[in-house]
Amino acid sequence: MFGLDSRKDPFLKRPFCYFRKKRNTIDILYRVVGKVTTLMTGLRAGDAAEILGPLGNGYPLEAADGKNPIVVAGGVGIASVYPLLEALEGRAHLFYGGRTGQDLLLTDELKRLSSKLTLATEDGSAGFRGTAVDAVRAYLAGRDKRDQLLYACGPNGMLKAAGALGVAGYISSEQMMACGIGVCLGCAVKTAGGYKRACKDGPVFPIGEVFFD
Ligand SMILES: Cc1cc2nc3c(=O)[nH]c(=O)nc-3n(C[C@H](O)[C@H](O)[C@H](O)COP(=O)(O)OP(=O)(O)OC[C@H]3O[C@@H](n4cnc5c(N)ncnc54)[C@H](O)[C@@H]3O)c2cc1C
Ligand code: FES
């Protein structure tokens with residue numbers, strides 16, 4: 001949870017993934033969408049920020065043992081799966097989608113981190129024309145789904161579509177959060193086992209557990 005401690009507005013911290021982790025630093029990859037991310041663009045070296053973390057769970061790696069790991073990322077969802085790709089040590093086929101080719105970042109780096117990189121754009125300006133999930137669906141045609149293990153991070157619509165592919169795996173929810181530590185219930189998601197807190201019980205859940213409607 002990232003906030004700017006010198007300010008009362010916005011009062012609430014925002015959830016971010018650590019994207020790259022180095023010895024004494026973490027990198028955050030962010031898209032400017034609102035108040036905090038706009039203020040982040042003005043930060044300079046030495047400015048203070050308040051970070052609460054690490055929080056929540058992560059992607060279970062052992063689930064990919066003996067399987068072909070497929071990683072699907074939409075937009076800034078790529079920040080969440082970047083450490084996963086590193087941990088899978090080049091075994092994963094990455095499907096990375098955006099609206100246009102300009103939305104797709106760090107493609108050379110991502111190519112090095114995956115066994116194969118498939119890009120997908122809704123306007124067809126780079127790679128497969130369609131969403132990243134459409135590209136996975138095309139890839140799965142004629143393959144045994146039981147051999148695959150899917151990890152996905154992106155907007156809810158993408159996660160819902162990924163869950164309908166019929167492949168076992170995990171999704172990371174982009175549910176809005178307030179406290180980030182399991183206290184306020186502001187991040188409740190409806191699951192097969194009742195309401196759960198995305199910040200504390202997640203944000204990673206098995207495919208099929210979260211209801212997106
Ligand atoms: C686990 C997790 C990890 C994340 N990691 C990253 C990351 O690594 N990089 C990244 O860029 N983003 C990430 N996000 C998304 C990020 O936390 C949000 O985009 C955050 O709200 C941005 O803060 P902001 O103040 O700039 O925008 P906000 O002011 O919070 O607004 C963000 C957008 O949400 C809309 N919005 C605001 N309040 C609500 C509401 N109550 N309900 C629905 N929509 C609302 C706004 O209109 C706007 O479009 C992550 C989210 C989660 C849950
Ligand atoms: S954000 Fe408060 S309980 Fe999850």
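The values are calculated or read from the model by the stated rules, or taken from the named source; none is laboratory data. Quick caveat, the model's predicted, so the values are computed rather than measured. Virtual Cβ from ideal backbone geometry, glycine too; neighbours counted across all protein chains shown.
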Listed residues Leu88, Leu61, Leu55, Leu84; which is among the aliphatic types (A, V, I, L, M) and over 27 Å from Asp134 (Cβ atoms)? Leu55
For region 45-101, give me each residue that is within 18 Å of Lys145 (Cα to Cα) and β-branched (Val, Ile, Thr). Ile70, Val71, Val72
Residues that are surrounded by fewer than 17 Cβ atoms within 10 Å (Cβ to Cβ), closer than 18 Å to Leu55 by Cβ, in contact with a helix residue (DSSP H, G or I) (Cβ under 9 Å, 6 or more places away or on another chain) and without any contact (Cβ under 8 Å) to a residue 60 or more places away in the chain, drawn from region 1-29: Asp27, Ile28
Given (1) surrounded by 15 or more Cβ atoms within 10 Å (Cβ to Cβ); (2) modelled with pLDDT of 95 or more, index of the condition Val76 fails: (2)
Failed condition for Pro60, given (1) in a loop (DSSP other than H, G, I, E, B); (2) crowded, with 16+ Cβ neighbours inside 10 Å: (2)
In region 152-166, what count of residues is obtained for those that are buried (at least 23 other Cβ atoms within 10 Å of the Cβ) and more than 14 Å from ligand 1 (Cβ to nearest atom)? 1
Any chance Thr100 is surrounded by fewer than 15 Cβ atoms within 10 Å (Cβ to Cβ) and polar (S, T, N, Q): yes
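Yes or no, residue by residue, for (1) assigned to a helix (DSSP H, G or I); (2) within 16 Å of ligand 1 (Cβ to nearest atom); (3) of a type in the set (A, V, I, L, M):
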{"position": "Leu55", "(1), (2), (3)": "no, yes, yes"}
{"position": "Pro69", "(1), (2), (3)": "no, no, no"}
{"position": "Ile78", "(1), (2), (3)": "yes, yes, yes"}
{"position": "Leu85", "(1), (2), (3)": "yes, yes, yes"}
{"position": "Arg91", "(1), (2), (3)": "no, no, no"}
{"position": "Arg146", "(1), (2), (3)": "yes, no, no"}
{"position": "Leu150", "(1), (2), (3)": "no, no, yes"}
Here the residues within region 120-134 that are surrounded by 21 or more Cβ atoms within 10 Å (Cβ to Cβ) and of a type outside the set (S, T, N, Q) are Ala120, Ala132, Val133
